[in-house]
Every structure is written in C-alpha cells, then in structure tokens.
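Written below as structure tokens is the structure these notes are about.
The values are calculated or read from the model by the stated rules, or taken from the named source; none is laboratory data. Computed from a prediction, not measured in an experiment: that's the story for all the values here. Here the Cβ positions follow ideal geometry from the backbone for every residue, glycine too, while neighbour counts run over all protein chains shown.
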Amino acid sequence: MRISKENRQCEDSSRLIGVDIETYSPSTPPWKTYADPIVCVSFAITNDIDINDGLCVISMIQPPEQERLLLSQSLSILESLNGVRVWFYGYGEGRFDAPYMLARAAIYGLENRLKNAIESELNLDVYDVAKKIAGINSFSMRRCEEMLDIKRILSKSCINGANYHYYYDLWRRNGSYEALFYNIEDAITTLRVFQKLKWFLRRK
C-alpha cells in the first residue's frame with residue numbers, strides 16, 4: 001500500500017493534535033438532531049508522531065449552559081496551535097466531531113471563526129486510513145482498537161457514547177471524573193491509532 005500525500009505530510013509535521021468531543025445526550029443519539037450541547041472537549045498534543053516521546057493534554061468539561069464558553073475555549077486553543085488535527089470519524093461530510101462542533105458554534109455566531117481555525121491546518125481522519133488497511137467499508141473505534149491491539153484504561157464496554165450522560169451526571173453530582181478521563185482517552189487514542197497505522201504502513 002502506498003502512503004498518501006496527506007500521510008506523508010503528517011510524517012513531516014512537527015505537531016499532531018488529537019481532537020475529541022462529547023455531548024450530553026440522555027435521550028437520543030446527538031447526530032440525529034444536532035440539538036444536544038457539547039459538554040467536554042479534549043486535545044492531545046504531541047510534537048512527534050510517536051506519543052512515547054512526549055504528550056500534552058488539554059481537556060475541558062462544562063455544564064450544558066456553558067456550551068458557548070466551552071466552544072470559545074476550544075476555538076482559542078485551535079487558533080493558538082499549529083499542527084495536523086487528527087480525528088477518528090470526526091472530519092469531513094457525514095462524520096461527527098467537526099461538523100457537530102460547527103453546527104453548535106453556529107448557534108453562538110462562532111461558526112465561521114471555528115471553521116477557519118479548523119481549516120487553517122491539515123486535517124486527517126485516521127478512520128479513512130484504517131478502513132483502507134482493513135479493507136472493510138465501516139467499523140467502530142472500538143473495533144479499530146481491537147484490530148490494532150490498543151488497550152484502554154476505561155473500557156468502552158463500561159463507558160461509551162451511549163451511556164456517557166450517566167457518567168457526566170455523576171460528575172455534576174459528586175465530581176466523579178470518569179466522564180472527563182473518557183474524553184481524554186478518546187483524544188489520545190486517535191494519536192495511538194495513527195501511530196500504529198504508521199508502523200503498519202512502513203512495513204508494507
């Protein structure tokens with residue numbers, strides 16, 4: 001398999017930024033209506049493709065009524081950090097994270113600024129790379145992690161997008177931090193997936 005132009009650019013980049021968001025969605029999946037607030041955003045930042053050589057994490061969790069603040073904070077971070085934005089099924093038409101962020105930002109008049117902040121740098125969705133390697137049309141992040149033998153601290157069989165609201169409510173009630181750590185681990189895992197895929201591609 002040949003390494004694409006985008007992947008070569010990533011190998012030459014001095015910084016990779018894994019991005020992940022969580023919504024408060026106690027009723028229906030958020031992608032059906034785009035009506036649920038974003039309540040947690042994490043950025044995992046490395047100055048080398050190998051996260052073993054150094055990693056910085058910025059994570060924010062807010063009450064639903066503070067969504068504008070959360071998006072403004074995220075926007076400021078994206079504007080201040082140059083480097084490849086790395087997503088898992090999060091960037092591009094029909095994906096989740098970036099389109100959802102833009103839809104929610106539009107409510108507060110922040111859409112154009114956020115779009116410029118995202119598009120100012122190269123964006124890579126590792127789902128596309130993994131799909132080509134696996135030779136299948138679609139699969140979940142959990143399946144991708146299994147395929148690449150990536151172990152989590154917080155198993156997706158315990159906490160995931162479907163029950164995230166339960167752990168988020170725990171944070172609101174007693175400060176329990178599983179909801180925050182889950183989002184952080186998702187952001188880091190995008191980089192771990194890309195790191196494993198890079199090793200695989202180099203062996204081809």
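From the set of residues in the range 170-197 that are touching a residue at least 24 places away in the same chain (Cβ under 8 Å) and surrounded by fewer than 18 Cβ atoms within 10 Å (Cβ to Cβ), which is nearest to the chain's Cα centre (by Cα)?
Phe181
Within the range 32-54, count every residue that is more than 15 Å from the chain's Cα centre (by Cα) and crowded, with 16+ Cβ neighbours inside 10 Å.
Qualifying residue count, the range 32-54: 4.
If you go through the range 129-138 one residue at a time, do you hit one that is more than 16 Å from Leu16 (Cα to Cα), at pLDDT below 85 and charged (D, E, K, R)?
Yes, some residue in the range 129-138 is more than 16 Å from Leu16 (Cα to Cα), at pLDDT below 85 and charged (D, E, K, R).
Mind listing whichever residues of the range 69-103 are farther than 17 Å from Thr33 by Cβ, outside any helix (DSSP H, G or I) and either more than 13 Å from the chain's Cα centre (by Cα) or not aromatic (Phe, Trp, Tyr) (or both)?
Leu81, Asn82, Gly83, Val84, Arg85, Val86, Gly90, Gly92, Glu93
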